[in-house]
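What follows is a set of notes on a single structure, which appears directly below.
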Amino acid sequence: MANPFQKIRNNQQFYFENTLRKSSLFERKQKLKKVKKWIKGNESHIIKALYDDFKKSPEEVRIAEIKPVISEINDALKNLRDWAAPQRVKTPLYLLGSKSHIISQPKGLNLIIAPWNFPFNLTIGPLISAIAAGNCAVLKPSELTPNCEQLIVRMIIELFPPEEITVITGGVEETTQLLELAWDHIFFTGSPQVGKTVMKAASNHLTPVTLELGGKNPVIVDNTANLKDTAQKLIWGKLINNGQSCVSPNYVLVHSKIKAKLIIELKKAFTKMYGQTKEEVQSNNELTRVVNKHHFKRITSLIDKSIEQGANVIIGNEINSDDNYISPTILDNTTTSSAIFKDEIFGPVLPLIEFQLLDDAISIINKEEAPLALYIFSSSKKNTKNIIRNTSAGTTAINETTIQFIHGNLPFGGNGHSGIGRSHGKYGFTAFSNERAILKQLRGFTTIKLIYPPTNKFKRFIIRFMTWRM
């Protein structure tokens, strides 16, 4: 049976080879400006779509969905000429006479598969990098946020011809069919489990991939941390998108000496930000809802099982199944055997695990897969260096959470189980580019001709000298 998306891919292939490959940097910038103008003109529609999908507040849409995309556009407009400029490289002595440089060329046809948790940001953000690098793209937004999905369909139809950029809607079946085709690059954001499927499908065509995955992001709070500051940053970082974020703190390793004080500060910070009573918290429009019933049941089950295993509720655990509402919940007396620790939570639950020795906290982290993010709260440079030196993570923030994602000059990505490749800014441009090596040699005599056959005593001396001295 023919693949229903083969024709779309073929049309993009023809367009890329005959039109887009030859596009100028000026033309790419004009496209980016059109995207920026469309976003500005449709800000209210973006906000409404995300509220309709899972009650994301206007402020959070602006901060976490629109701002990162606009920053990507502005960064590309400012730096595209430098990113795309040929890079001169030094010539080694044994290749004397030659000149070399590296050029960035568009990869061609790209498949961008986006998740539901930041459906606008994580669909359009990678697309900005693909456009800046001069590519065609097929977008597959998440079907779990249908209002944003339809908004993206309208956006792309209004901005691009389908042979350059197009959107495919649907679910698992459509994604599977897209993955059967040969692409020049696949950019996937989602869970490690689905990431394995994407990577396996890509291997059939030896397609390079960028996998932005997730992981059980740990937090270490040692006995030197500023607890008021730590609590405020943990509450804010955890409850962005109601914990439905790949960089959300997943569990807190807290030193036994300061755990009780940290709990007091967490309660104060939460009350100040989201309200004192159950009614105030539930009616607070800055708390996004869990995206659907499936995830609602998954999260509530993790909480219930953990309580059965001995966890104590410090804050929250109020639910309303009609609204997929789970109040922000902090659990104490959890361990690495607790149900809440076993998987990435992806919801508004923060478990606390006590430690006495820093090496014990590091050991807990290292027994798990390398996380996408690791957060350290400490006033000790020695402790901070020790943690970084003895752990692995895609990103790390010291005395802060989550904001490394929006730092345009930092590469964003995971490590192994939490991801492959890097994105954002220059790193996103590079992900969608083929860095092509160019070497130009002199005609006539060159140093490399000194070792052409037939070999003699002099040439053996030259080869030995080149091997060990040059």
- Using a simple spin-label model with points 7 Å from Cα along the Cα→Cβ vector, what separation in nm is obtained for A2 and I103? 3.6 nm
- Item | Beta bridges by DSSP in the chain, antiparallel share as percent, to the nearest 5 | 35 percent
- If you look at just the Cα atoms of the chain, how large are its Rg and its Dmax in Å? 25.6, 90
- Would you work out the relative contact order for the chain, in percent, from Cα pairs under 8 angstrom that are 6 or more residues apart? 19 percent
- Value of [θ]222 nm, deg cm²/dmol, for the chain, DSSP H segments ≥ 4, -39500 (n - 2.57) each, nearest 500: -13000 deg cm²/dmol
- Net charge near E173 (other residues with Cβ under 15 Å of its Cβ; Lys, Arg +1; Asp, Glu -1) is -2
- On a 0 to 90 degree scale, rounded to 10, what angle separates helix 146-159 from the longest Cα axis of the chain? 30 degrees
- Note on the structure: Summed over the other residues with a beta carbon less than 12 angstrom from that of I70, with K and R at +1 and D and E at -1, the charge totals +2
- Message: Apply the Karplus curve 6.51 cos²θ - 1.76 cosθ + 1.60, θ = phi - 60°, to the phi angles in segment 164-171 and return the couplings in whole Hz, x for Gly and Pro.
- Response: 9, 9, 9, 10, 10, 9, x, x
- Task: Set the Förster radius R0 to 45 Å, insert the Cβ-Cβ distance between E318 and V89 as r into 1/(1 + (r/R0)^6), and round the FRET efficiency to 0.05.
- Result: 0.15
- What is the dipole size for the chain, taken about its Cα centre, with +1 at each Lys and Arg Cβ and -1 at each Asp and Glu Cβ, in debye to the nearest 20? 3040 debye
- Note on the structure: Per the charge dipole of the chain (beta-carbon charges, Lys/Arg positive, Asp/Glu negative, Cα centre), the residue among S283, G237, H295 reaching farthest to the positive end is G237
- Task: Mind putting a number on the dipole of segment 380-435 about its Cα centre? Charges go on the C-beta only, +1 for Lys and Arg and -1 for Asp and Glu, and I need it in Debye to the nearest 20.
- Result: 320 debye
- Which length gain, in nm to one decimal place, applies between K440 and N456 when the Cα-Cα distance is subtracted from 0.36 nm times their residue separation? 3.0 nm
- Item | Distance between segment 338-400 and segment 229-301 - C-alpha centres, whole angstrom | 17 Å
- Karplus-derived HN-Hα couplings along segment 234-245 (A = 6.51, B = -1.76, C = 1.60, θ = phi - 60°), whole Hz, x at Gly and Pro: 5, 4, 5, x, 5, 9, 4, 6, 6, x, 8, 9
- Message: Could you compute how fast segment 218-411 diffuses translationally, taking Rh as the Kirkwood radius over C-alpha pairs and applying Stokes-Einstein at 25 °C with viscosity 0.890 mPa s? Give it in µm² per second.
- Response: 146 µm²/s
- Pull out the extension gain between N42 and T169, defined as 0.36 nm times the separation in residues minus the alpha carbon to alpha carbon distance; nm, one decimal. 43.6 nm
- Selection from N333, I362, F270, by position along the positive dipole direction of the chain (Cβ): I362
- Run the dipole for segment 218-411 about the Cα centre, Lys and Arg Cβ at +1, Asp and Glu Cβ at -1, nothing else charged, and hand back the magnitude in debye, nearest 20. 460 debye
- Net charge of Cβ neighbours under 10 Å - reference H101; Lys, Arg +1; Asp, Glu -1: +4
- Item | Among beta bridges that DSSP assigns inside segment 218-411, antiparallel share in %, nearest 5 | 20 percent
- Query: Cα centroid distance between segment 48-87 and segment 150-205, in Å?
  - Reply: 20 Å
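Only the coordinates and a few stated rules stand behind these numbers; no lab work does. Keep in mind the model is a prediction, meaning the values are calculated, not measured. Methodologically, a virtual Cβ is constructed for each residue, glycine included, from the backbone with ideal geometry; neighbour enumeration extends over all protein chains shown.
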